[in-house]
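Have a look at the structure below before the remarks.
The values are calculated or read from the model by the stated rules, or taken from the named source; none is laboratory data. All values derive from a computational prediction rather than experimental measurement. Backbone-built Cβ (ideal geometry, glycine too); neighbour counts: all protein chains shown. Surface accessibility is based on the protein's heavy atoms, side chains included, excluding ligands, DNA and RNA. Shrake-Rupley method; radii C 1.70, N 1.55, O 1.52, S 1.80 Å.
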Amino acid sequence: MSSENVRFTDFKSDKQPTWCPGCGDFGTMNGMMKALAETGNSPDDTFVVAGIGCSGKIGTYMRSYALHGVHGRALPVGTGVKLANPDLEVMVAGGDGDGYSIGAGHFIHAVRRNVDVTYVVMDNRIYGLTKGQASPTSRPDFETSTTPEGPKQPPVNPLALAMAAGGSFIAQSFSSDAMRHTEIVKEAVEHDGFSLVNTFSPCVTFNDVDTYDYFRDSLVDLSEEDDYDRHDYDQAKDAILNADKEYMGVLYQDENSVPYHEAHGVTENMAEIPDGAPDGATDLVREFY
Amino acid sequence: MHDDLNWAIGGEAGDGIASTGKIFAQALSRAGRHVFTSKDFASRIRGGYTAYKVRTSVDQVASVVDRLDILIALTERTVDENIDELHEDSVIIYDGDRTEFSDFEAPDDTTGLDVPLKALAEDAGGAIMRNIVALGAVCEVADFPIENLDESLEKRFGDKGEKIVENNKEAARLGAEYVADEFDDVEFSYELETTDEDYVLLNGDEAIGMGAIAAGCRFYAGYPITPATDVMEYLTGRIDQFGGHVVQAEDELSAINLALGAARAGARAMTATSGPGIDLMAETFGLVATSETPLVITNVMRSGPSTGMPTKQEQGDLNMMLYGGHGEIPRFVLAPTSVSECFHKTVEAFNLAEKYQIPVYLTADLSMAVTERTYEPDEFDMDEVEIDRGKVVDEDEISAWQNEKDQFKPHAVTADGVSPRALPGTEGGVHMSTGLEHDELGRRTEDTDVRVEQVDKRYRKVDTAREQEDFDYREFGDADADNLVISWGSNEGTLVEALDYLDEDDIDVRVISVPYIFPRPDLTEDVQAADEVLVVEANATGQFADVVEHDVLERVERVNKYDGVDFKADELAADIKEALA
Ligand SMILES: Cc1ncc(C[n+]2csc(CCOP(=O)(O)OP(=O)(O)O)c2C)c(N)n1
Ligand code: SF4
């Protein structure tokens, strides 16, 4: 498939999503598919890795080379795919539980490695698939089946984690603002290095606090703030750490980002191997003389 | 005079024991002598007893023995630790400035050579070279031309500059001269013959790493753990020369997922770990199998459970590899039986993984992984390496199907259980893989018929492999003997030698050494033909014996050792004798 003729619907599988009607993940996924098509990718050259959760089902509903893995481990898989074949466009998707709880360790390390993957986290501030327990981004007073009085602990700030780990592209979007969400994911795809897009993707079934209305009213769009410079680290730090507001847009982008595969000179497609031992293998034996 | 010589250097961790041992082992192998080394190390970096033993002969050697001929004792404890192995012809080299010989509880007739190792080393340029002085002394005692050391020293210190190399050569010379001058009235009964042969000297971990590169592996991810780390250290810096890359992952969960990602992208990929790491990988192992991803997972076993005895020998993870994981998971388990087999079985593991699109466990035990052995270099003939990538399909094949109104089916139900495989980037082959039960197209399903069909399909690979592959065993000893001894892993080398001891007692034994744990050769006839059947393994419960019993529906006897120390040939012979009695 030549990428000029690719339409975003080419990234849609023939499986009908089983998400609850109104779930934020519909919008998140549409934006991802549009971003991939508009940046000139085709399903043949794209690899999507998804975690486990309602959000993780995205791997099933999108059409590309893809792997739907185990809970929390999508980022290492995406990293392995990208390093083995840097020609592939790699997108990794999952939920806030998947990414910031069970997979938190991998998150920090993927950021730090600056692997060239786009990581979209569908942040609904709850565990959807397991039917409504607190997630690492839930508010301290958010009552759930496992936290009847609220988690009583501060939520994880994913943007701050990414910043602390040396993130080179840190963004936040909102699934129902289709245009902005698509734009932000597009920029993430185009960024050379690890891009985090924390996407508010409301769970209409289990979360009645972090709702569409809440995000619509509270999110501040950075693209409308004249004096915001995403390349200014200190400004980004303030916006991320001292946030009394929640932002939408690209909070930080390192202009000098060098992705892992380039920094380590891993730029060949490793799928290609000779019919026998590679040239020069005999020298390996000689080393043991 | 013995035709083989057993030498050791012992001291505290941090004394440079391993590198000194290695220098001597290499000098011997360059001089055309066979070498078998073993290490006794504790799980600490400084302090604590550690030793490096070298057994050398003009014939191939494959095990340790309970005899020490020449010992460099850097500490008193070295002698205490080895007291049972010393004999009346043993020579102990020590530094009287550091240790009093009278402190040694050495057997009366051993010869103690007080060599001022530190002082001579200082004369040569630095106290740090005292071990090299001792090596020079050993050359004199063993009548082994000291020139053989020179090349080893160049190899070891070459990149530190000419001066360092020269100083070390001088240190060795001073050690040799000291022994020649001061002890000229002492008769040594050792005389190490040299030959024109050129051998290579390597350990199991290195052989696995080399096998991986030979097999076209280009991606490795791992997390450091004894005794598997050497695989990663070997590949680092080497695999890059072949267009590959090593990632030190943040943990084993990541390591196996990184490797899985690379494998799905079409690379030959591997991870290596030891017991605790295998536990962590178990969840993803199921995903690898269900998504039918070719992956090689190396498990270098050590004493467990939990963190157990990380620097000690055991073959205790067989059950985990055979049965570990939730649900039912088809997998292959290969267990090389010697250092060179580590190389060959690694190559085979990659081929099997891709031919059958299945995870393959490759397992070595600690003894084999850290033991260095000499081989003829053509034992590792790179021209003989064959690569079989299995059913990888290209765009044309895919479009041919599509013209026939069929779709590309990554999990097509086939007669042999293996489906066509499209590597990402291949036009028309787009598909999703998942750990969820899926249909032929890879789409999630809970349809009862499809479930059964897919489970059967995945297990059918095992049957196909049984038909197509040669999952044979190795055999030695007396083919007609009534006594059958079955073993796996590194015990093979020790058994070869134990046969000599048994022979002395007129006990005939047939030995079968099994490198394929699953699928494995059918041992029914062999077991039925024997009067007595013993399974030898380094664990407490007899995990492989259980497997054999299950296969042959007959009770087999067990010889187990689980103290963390290698089987020794004479001890093993005695155990076998007792079990047969
Ligand atoms: C090892 C493991 N533990 C637990 C689960 C159960 N589980 C499935 S999804 C999920 C949480 C999902 O939450 P989140 O990542 O926020 O995604 P959402 O469903 O909200 O999109 C859990 C705990 C699992 N699949 N695997
Ligand atoms: S439970 Fe919540 S997150 Fe899951 S599909 Fe329904 S609305 Fe979406």
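If you run the Gaussian network model on chain A, springs between alpha carbon atoms under 10 Å, then out of A:139, A:216, A:125 the most flexible one is A:216. Antiparallel beta bridges, as assigned by DSSP with both residues in the stretch B:4-197, represent about 55 percent of the total such bridges. Of the accessible area of the stretch B:13-76, computed with a 1.4 Å probe over protein heavy atoms only, carbon and sulfur atoms account for 48 percent. Straight-line cross-link partners of residue A:34 among the lysines, defined as a Cα under 20 Å from its Cα and at least 8 positions apart when in the same chain: A:12, A:15, A:57, A:186. The portion of the accessible surface of the stretch B:474-580 made up by carbon and sulfur, rounded to a whole percent, is 40 (1.4 Å probe; DNA, RNA and ligands excluded). Normalised by the residues of chain B, what does the relative contact order come to in percent, with Cα pairs under 8 Å and at least six apart? Reported relative contact order: 12 percent. Between A:55, A:168, A:101, the Gaussian network model of chain A with springs among Cα atoms under 10 angstrom shows the greatest mean-square fluctuation at A:101. Take the Cα of residue A:282, step 7 Å toward its Cβ, do the same at residue B:413, and the gap between the two points is 5.1 nm.
Expressed to the nearest 5 percent, the antiparallel share of DSSP beta bridges inside the protein assembly as shown is 30 percent. Amide H contacts under 5 Å for residue B:438: B:445, restricted to partners 5 or more places along the chain or on a different chain, H placed in the peptide plane at 1.01 Å from N.
Quick check on chain B: helices-only [θ] at 222 nm, where DSSP H runs of length 4 and up contribute -39,500 (n - 2.57) each and the sum goes over total residues. Nearest 500, please.
Calculated at 222 nm, the ellipticity per residue is -11500 deg cm²/dmol.
Only protein heavy atoms count here; on that basis, with a 1.4 Å probe, residue A:264 has an accessible area of about 100 Å². Each label point was placed 7 Å from the Cα along the Cα-to-Cβ direction; for residue B:75 and residue B:388 their separation is 5.2 nm. With R₀ set to 45 Å, the beta-carbon distance separating residue B:447 from residue B:319 gives a calculated FRET efficiency near 0.85.
Accessible surface comparison of B:298, B:414, probe 1.4 Å, protein chains only, largest first: the order is B:414, B:298. Find the centroid of the Cα atoms in the stretch A:188-242 and in the stretch B:339-375, then give the distance between the two in whole Å. So the separation of the two Cα centres works out to 49 Å. For chain B, the share of DSSP beta bridges that are antiparallel, to the nearest 5, is 40%.
Where does the charge balance sit around residue B:403 when Lys and Arg score +1, Asp and Glu -1, over other residues with C-beta under 12 Å from its C-beta?
Taking every other residue near residue B:403 into account, the sum is -3.
The slack in the chain from residue B:119 to residue B:248, taken as 0.36 nm per residue of separation less the alpha-carbon distance, amounts to 42.2 nm. When nucleic acids and ligands are ignored and a 1.4 Å probe is applied, residue A:71 ends up with an accessible area of around 60 Å². Rolling a 1.4 Å probe over the protein chains gives residue A:108 an accessible area of about 50 Å². Within the shell defined by Cβ-Cβ distances under 11 Å, the residues around residue B:234 carry a net charge of -4, with Lys and Arg each +1 and Asp and Glu each -1.
Once you order the gyration tensor axes a ≥ b ≥ c over the Cα atoms, which shape class does the stretch B:4-197 get: rounded for a/c under 1.5, otherwise prolate or oblate by comparing a/b with b/c?
Note, shape of the stretch B:4-197 comes out rounded.
Each Cα pair under 8 Å and six or more residues apart adds its separation to the average, and for the stretch B:398-468 the resulting relative contact order is 30 percent. Label points 7 Å out from Cα along the Cβ direction at residue A:147 and residue A:8: separation in nm? So the two model labels end up 3.3 nm from each other.
Contact residues in the stretch B:264-305 by the 40 Å² criterion (accessible area, 1.4 Å probe, full protein complex versus chain alone): B:265, B:283, B:287. Counting protein heavy atoms only, chain A has 46 percent of its accessible area on carbon and sulfur, 1.4 angstrom probe. The charge dipole of chain B, taken about the Cα centre with unit charges on the Cβ atoms of Lys, Arg (+1) and Asp, Glu (-1), comes to about 3500 debye, rounded to the nearest 20. The interface between chain B and chain A buries about 4900 Å² of solvent-accessible area in total (1.4 Å probe, ligands and nucleic acids excluded). Are there any residues in the stretch A:1-43 with a reduction of at least 10 Å² in accessible surface when going from the isolated chain to the assembly of protein chains? Probe 1.4 Å, please list them by number. Relative to the lone chain, where solvent access is computed with a 1.4 Å probe, the stretch A:1-43 loses at least 10 Å² at A:1, A:14, A:15. Pull out a ≥ b ≥ c, the square roots of the eigenvalues of the alpha-carbon gyration tensor of the stretch B:398-468, then state rounded if a/c is under 1.5, prolate if not and a/b is larger than b/c, and oblate in the remaining case. Oblate shape, in that a/c is at least 1.5 and b/c is the bigger or equal ratio. In degrees, nearest 10, range 0 to 90: what is the angle between the Cα axis of helix A:104-113 and the longest Cα principal axis of chain A? The answer is roughly 50 degrees.
Label the stretch B:202-384 by shape, choosing from rounded, prolate and oblate, from the square roots a ≥ b ≥ c of the eigenvalues of the Cα gyration tensor; if a/c is under 1.5 it is rounded, and otherwise prolate applies when a/b is larger than b/c, oblate when it is not. Rounded is the answer for the stretch B:202-384, as its axis ratio a/c remains below 1.5. The length gained by stretching the chain between residue B:563 and residue B:60 to full extension, at 0.36 nm per residue less their Cα-Cα distance, is 178.4 nm. Per residue, the accessible area of the protein assembly as shown comes to 38 Å² when a 1.4 Å probe rolls over the protein heavy atoms. Using the Cβ of residue B:379 as centre and a radius below 11 Å, the other residues enclosed give a net charge of -4, where K and R count +1 and D and E count -1. In the stretch A:66-90, what residues drop by 50 Å² or more in accessible surface going from the chain by itself to the full protein assembly, probe 1.4 Å? Residues shielded by partner chains are A:67, A:68, A:70, A:73, A:76.
Considering only protein heavy atoms, with the full assembly of protein chains and a 1.4 angstrom probe, order A:143, B:151, A:183 by accessible area, largest first.
A:143, B:151, A:183
Once the Cβ-Cβ distance of residue B:406 and residue B:462 is raised to the sixth power relative to R0 = 41 Å, the FRET efficiency obtained is 0.95.
In terms of accessible area, using a 1.4 Å probe and ignoring ligands and nucleic acids, B:565, A:250 rank largest first as B:565, A:250.
Compared with the direct C-alpha span, the chain from residue B:395 to residue B:474 gains 24.2 nm at full extension, assuming 0.36 nm per residue.
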